[in-house]
Every structure is written in structure tokens, then in C-alpha cells.
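S.K.: Provided herewith is a single structure, encoded as C-alpha cells, for subsequent inquiry.
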Amino acid sequence: METVFTRLDQEWEALSRTPSIRTDLAEACAIAGVRSPSDLIAAVRRLAAPEADAVLACLAAAAHEGSKVAARALLQLLLPGTCRLAARWWALGTSEERAAAAVAAVYERIRHYPFDRRPSKIAANVLLDANQDLARSARKLSEDRQRTAPTEPDRLVGRRAEEVVSAADELRDVIDDAVAAGQVPANWAALIIATHIEGDDLPSIARRTGTPVRTLQWRRRAAEAALVAGAAA
């Protein structure tokens with residue numbers, strides 16, 4: 001299944017093989033010890049923290065100076081963390097809507113990252129800032145829904161009393177209640193929604209997040225068991 005994240009992976013694969021990109025990423029490649037931008041992402045993810053941080057700082061500095069290529073490379077490096085943000089903020093909508101919102105928030109923070117004031121811990125800072133942006137978006141969305149929700153009887157006229165709620169909607173409601181009650185972690189609940197409702201699969205999620213499939217399987221089973229226990233209580 002093609003998603004926002006797989007499309008970004010495909011885009012980067014093509015972009016990184018473009019000859020003109022070598023100049024923009026020459027310094028970052030040198031720090032990472034690779035010759036080609038196409039090897040940069042995998043190499044940085046294998047590096048120890050200090051060396052990886054040096055590459056991120058190089059890219060962040062270039063992005064701060066206006067390099068869109070450096071900003072795009074940094075986004076690619078931060079996709080695992082971005083994917084985790086998308087899973088966390090399930091209140092923002094479907095998996096694709098959450099992914100799009102998370103990617104937009106992270107990229108915006110990259111493009112406007114204050115490198116001169118925060119030259120270290122680039123990944124943590126960008127993702128933390130993006131998380132705060134997503135939290136504000138989620139609150140605003142919730143407030144907008146409350147303002148527009150019909151509450152007066154005369155506004156309910158014309159709605160079918162026998163309107164059937166789909167199984168997917170019912171499952172979402174159960175999951176929302178369980179997350180709100182603290183019975184299931186939000187990112188575990190997101191696995192159920194992604195795989196059982198939205199047609200995503202665990203191997204794809206594993207590749208995007210860098211999490212082993214078995215770990216995702218365990219989390220989903222644990223979340224499902226918690227939902228069952230909550231329903232039986």
C-alpha cells in the first residue's frame with residue numbers, strides 16, 4: 001500500500017541519484033564517510049550518536065541558509081521519528097491525514113530551524129517542536145468540532161434516527177475511549193486502526209518506523225487484549 005512515507009522514500013531515492021545534488025550534500029556526505037548522496041541516509045542511521053549528530057547539524061545549518069536539498073535530506077533522516085508522531089496524534093484523522101500533518105510540521109520546523117541558537121540535538125529539537133505544533137492542531141480540531149457539533153433539537157431534524165454506525169466507526173469509538181481512559185497507549189491503538197481499518201500492514205509500518213515487525217505484532221496483540229478486557233469489565 002502506497003502511503004505518504006513510501007512516496008517520500010521513492011522521491012528521495014530518485015532525487016539522491018541526481019548528479020546536481022552531489023554539490024549540495026558534499027559536506028554532509030564527507031562527514032558521514034560516503035561518496036554518494038544515495039548512500040547518505042543509510043550511512044547516517046548506522047553511525048553512533050556523535051557522528052550522526054554532526055551530519056544532522058551540517059544539514060540543519062545548510063537548511064538554515066536556504067538549502068532546500070539539505071532540508072529534504074534532513075526530513076528523510078527524520079522520517080522514523082515523523083512516523084512515530086503520526087501514530088501518536090491519532091486525533092488528527094486517518095493514517096494518511098496524520099502522516100501528512102506530521103510531515104508538514106517536521107518540514108516546516110526544519111526550514112525555520114534556529115541553528116544559530118540551537119546548534120545541537122537537531123533531531124530531538126525538531127521533533128519536539130513539531131510535536132508541539134501537532135498538539136496545537138489537535139486541540140484546535142477538537143475545539144472546531146465542538147463548536148460545529150449540532151446540540152439543539154431543531155438542528156437534528158432531518159437526520160435519520162435509524163442511521164447505522166459502521167463497524168469501523170464503532171471500533172474507532174471503542175479505541176478512543178480506551179486511549180482516553182489510559183487503558184491503551186495511543187501509538188499501540190494506532191496500530192489497530194492502521195491495520196484493521198485503514199488497510200495498512202505491519203511490515204510497511206516496521207520499515208517506516210524502524211521497529212521490528214515482531215514488536216509491532218506484540219503491541220497490537222496487547223492493545224487488542226486490553227480492548228477486550230475493557231469491554232468485558
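S.K.: Name the pairs whose Cβ atoms lie under 6 Å apart, with the first residue in the stretch 6-34 and over 18 Å from residue 60 (Cα atoms), the second in a helix (DSSP H, G or I), and 6 or more positions between them or separate chains?
M.R.: 17/38; 34/40; 34/43
S.K.: How do the pairs read when you match residues in the stretch 70-93 that are under 20 Å from residue 115 (Cβ atoms) and assigned by TED's automatic domain parsing to the domain that holds residue 13 with residues anywhere that are surrounded by 20 or more Cβ atoms within 10 Å (Cβ to Cβ) and of a type in the set (Gly, Ala, Ser), using Cβ under 7 Å and keeping only pairs 6 or more apart or on different chains?
M.R.: 70/62; 70/63; 71/63; 73/28; 74/60; 74/63; 82/102
S.K.: Look at the stretch 71-100 and say how many of its residues are crowded, with 23+ Cβ neighbours inside 10 Å, of a type in the set (Gly, Ala, Ser) and within 23 Å of residue 15 (Cβ to Cβ).
M.R.: 3
S.K.: Another one. If you take just the helices (runs of 4 or more DSSP H) that sit entirely in the stretch 1-110, which of them hold at least 1 residues that are modelled with pLDDT of 90 or more and more than 19 Å from residue 123 (Cα to Cα)?
M.R.: 4-16, 21-24, 26-32
S.K.: Another question, if that's okay. Can we say residue 133 is over 11 Å from the mean Cα position of the chain (by Cα), charged (D, E, K, R), in a helix (DSSP H, G or I) and at pLDDT 90 or above?
M.R.: In short, yes.
S.K.: Output the residues belonging to the stretch 193-214 that are within 18 Å of residue 86 (Cα to Cα), in a helix (DSSP H, G or I) and either modelled with pLDDT under 80 or not hydrophobic (A, V, I, L, M, F, W, C) (or both).
M.R.: Result: 193, 194, 195, 196, 197, 203, 204, 207, 208, 209.
S.K.: Being outside the structural domain of residue 209 (by TED's automatic domain parsing) and touching a Phe, Trp or Tyr at 6+ places or on another chain (Cβ under 8 Å) is true for just one of 48, 28, 63. Which residue is that?
M.R.: 63
S.K.: Taking the options 225, 229, 180, name whichever one is over 22 Å from residue 76 (Cβ atoms), surrounded by fewer than 19 Cβ atoms within 10 Å (Cβ to Cβ), at pLDDT 80 or above and of a type outside the set (Lys, Arg).
M.R.: So the residue among 225, 229, 180 that is over 22 Å from residue 76 (Cβ atoms), surrounded by fewer than 19 Cβ atoms within 10 Å (Cβ to Cβ), at pLDDT 80 or above and of a type outside the set (Lys, Arg) is 225.
The values are calculated or read from the model by the stated rules, or taken from the named source; none is laboratory data. In this text, all values refer to a predicted model and were calculated from it rather than measured experimentally. Quick reminder, even Gly has a Cβ in these numbers, built from the backbone with ideal geometry, and neighbours come from all protein chains shown.
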